[in-house]
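The values are calculated or read from the model by the stated rules, or taken from the named source; none is laboratory data. The structure presented is a predicted model; accordingly, all values stated were derived computationally and were not measured. Glycine gets a Cβ as well: all are built from the backbone with ideal geometry, and neighbour counts include every protein chain shown.
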Amino acid sequence: MKPRAPKGTADMLPDVARAWEYVERIAQELFSRYGYEPVYTPLFEHTEVFTRGIGEATDIVSKEMYTFEDRAERSLTLRPEGTAPVVRAALEHGLVPQGAFVKLYYAGPMFRYERPQKGRMRQFWQIGAELLGAAEPSADAEMILLLWRFFEAVGLPDERMRLLVNSMGDETCRPAYRDSVRAFILERTDDLCEECVRRADTNPLRAFDCKNPGCETVMDGAPRIVDALCEPCAAHYATVKRLLDDAGLEYEEDCRLVRGLDYYTRTVFEVQADGLGAQNGIGGGGRYDRLMEEYGGPPTPGLGFALGFERTLLAMEAAGVAIESHPLADVYVAAVDDTVRDDVFLICEEFRGGGIAAEADHQSRSLKAQFKQAGRLKASFVVVVGPDELAAGEATVRDMATKVETRIARADVVSEVDALMRESRTLDDADAVGGTDDGVDEGSDAGALGGIDGEV
Ligand SMILES: [Zn+2]
Ligand SMILES: [Zn+2]
């Protein structure tokens, strides 16, 4: 057997795993500034959490779920998205008593059986936020801003992103609108693809998503939801747009943006990025005021978004954004010969205890080979330990950048090297005129993102 990960999955090797931790950390910091708390739900749920919440007629539920029976013959499904589980958890644990609201975010893998392609995997990683209990349009505008600010924070320039917004109406105005789109489709069955015609009865709005050029042209002439909104929906939508205007956030109104999931009501939005081809949506979401009731809970307004890690990375890569990377070792402790290896072992551990990343040889390598290894690890300093120095209660420190060597007391090796590191950092900062210090622009490990995009 040749070891191989299942089709549509990818190992997150260290470069990509570091990138995941980096964007997750940015999300944690940013989302907490907006009052969000973390939540972790199981990777699988009772299947009905998704069939009831997302809707039987959606692609996700009808074609893409990993559903299986466990040994007790329960139908379980690997989560294809994060909103339904969070809403299920909020209801189960009574997180949103009437009149209250809660802000939760999650990060982790999702699972959909789709044709794998660039930026679309069967196990893919998402970060998402959900706000339950708030009906006011200010919540919609804040949610949209949060998503936009996240992409800004990971380093994507505004001019490489687009924000699309739309309103999908509610239970008052959407049924009539759906009927009008259904009628529109059924009058043009000759000009639309089979899939669009077939879905006319179950999910006619999906025809707006069809990538078939013929369908796109036909649907350009379809009735527009903005013309069909009831007065409260129109007022809600107008306020969301006004608040975005006030915040200086540019957006495009896109009547074709209907999002595939049944649970959306009123505001929907999507952020697209340059450089990704047709799969250019990097994050999106919307309001889902009926979802809690679908699960038998009290009427509870809610809204949220999810963003895709793989596509965010591709967008960052396309924009030339590098991920902050730290050297694996600040200090390398080298042994001159085998008699001092026990001391090297202990000195290395002292550095780590003192908060300094340190590495030493575990392969009986020569001193020359140890220096080479220190170079590969990009260690700033090498502490050379030899029998003569040890006998004198000392060690030698070499600054790998300047090649300057200093004798230091063995007893103070950590504090001495720490002082040297601070000194060289101060000098670096003084040299770097106009250099940025926010991390995002630093490091140039552009190849770090390369592993994610393989056609599988
Ligand atoms: Zn079509
Ligand atoms: Zn309405």
Check your understanding: Can you name every residue in the range 224-252 that is within 21 Å of Ala176 (Cα to Cα) and charged (D, E, K, R)?
Key -> Arg224, Asp227, Glu231
Exercise for review: Using the structure shown, decide if Arg178 is within 16 Å of ligand 2 (Cβ to nearest atom) and of a type in the set (Lys, Arg).
Suggested key: yes
Point to revise | Residue list for the range 57-80, filter: of a type outside the set (A, V, I, L, M) and in contact with a helix residue (DSSP H, G or I) (Cβ under 7 Å, 6 or more places away or on another chain) | key: Thr67, Ser75, Thr77, Arg79, Pro80
Study note, to complete from the structure: the range 193-279: helices (runs of 4 or more DSSP H) wholly inside it with 2 or more residues that are within 15 Å of ligand 2 (Cβ to nearest atom) and of a type in the set (A, V, I, L, M) are 231-246
Study note, to complete from the structure: Checked pairs for the range 169-190, first in contact (Cβ under 8 Å) with a residue 60 or more places away in the chain, second part of a helix (DSSP H, G or I) and crowded, with 17+ Cβ neighbours inside 10 Å, C-beta under 7 Å and 6 or more apart or across chains, list as Gly169/Tyr177; Gly169/Ile225; Gly169/Cys233; Asp170/Cys233; Cys173/Cys233
**Study point:** Pair list, Cβ under 6 Å, 6 or more apart: the range 311-323 residue over 18 Å from Lys118 (Cα atoms), other residue buried (at least 23 other Cβ atoms within 10 Å of the Cβ) and of a type in the set (A, V, I, L, M)
**Key:** Ile323/Ala19
Point to revise | Options Arg174, Arg160; residue that is at pLDDT below 95 and either away from ligand 1 (no atom under 16 Å from the Cβ) or on the phi > 0 side of the Ramachandran plot (or both) | key: Arg174
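Here's the yes/no breakdown for (1) touching a strand residue (DSSP E or B) at 6+ places or on another chain (Cβ under 7 Å); (2) without any contact (Cβ under 8 Å) to a residue 40 or more places away in the chain; (3) in a loop (DSSP other than H, G, I, E, B):
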residue: Tyr332; (1), (2), (3): yes, no, no
residue: Thr339; (1), (2), (3): no, no, no
residue: Asp343; (1), (2), (3): yes, no, no
residue: Leu346; (1), (2), (3): no, yes, no
residue: Gln363; (1), (2), (3): no, yes, yes
residue: Ala374; (1), (2), (3): yes, no, no
residue: Lys378; (1), (2), (3): no, no, yes
residue: Thr396; (1), (2), (3): yes, yes, no
residue: Val413; (1), (2), (3): yes, no, no
Review point. What tally of residues in the range 192-218 results from selecting those that are of a type in the set (Ser, Thr, Tyr) and either within 10 Å of ligand 1 (Cβ to nearest atom) or under 17 Å from Arg178 (Cβ atoms) (or both)?
Key: 1
Point to revise | the range 15-38 residues that are aliphatic (A, V, I, L, M), paired with ones that are part of a strand (DSSP E or B) and surrounded by 12 or more Cβ atoms within 10 Å (Cβ to Cβ) (beta carbon under 8 Å, 6 or more apart) | key: Val23/Ile127; Ala27/Tyr105; Ala27/Ala107; Ala27/Ile127
Check your understanding: Do any strands (runs of 3 or more DSSP E) entirely within the range 53-163 hold 1 or more residues that are of a type in the set (Asp, Glu) and more than 29 Å from Pro232 (Cβ to Cβ), and if so, which?
Key -> 67-69
